[in-house]
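Every read-out reported here was derived from the displayed coordinates using simple, explicitly stated rules and does not represent laboratory data. Because the structure is a prediction, the values reported are computed rather than measured. In this analysis, Cβ positions are derived from the backbone assuming ideal geometry, glycine residues included, and neighbour counts consider all displayed protein chains.
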Amino acid sequence: MVALQDAARSLSRVHAEFGPHEDAGDGAALWVTDRGSTNGTVVVDPAGVARVLPAGTPAVVRAGWTVRLGDREVRVEDD
């Protein structure tokens, strides 16, 4: 669980879930699932194509992708 300050109140109490994706050799990856949030979760690929996640439907994201949680953005990077 990660708690974030959210004065704009764009995040739901439990907005989304993340975890490591067991990948078949294509590099490091994460899965992300919207938990039925009010303002939604959007994944954006490196080409800028955005996709709204339906609640409960996981998506796999890799380095170079962005995840939008309400009005916040998280960029996925590989170290």
Total charge of the residues flanking Ala47 in space, meaning their Cβ is under 15 Å from its Cβ, with Lys and Arg +1 and Asp and Glu -1, is +2
The Cα radius of gyration of region 14-65, divided by 2.2 N^0.38 Å with N its residue count, comes to 1.13
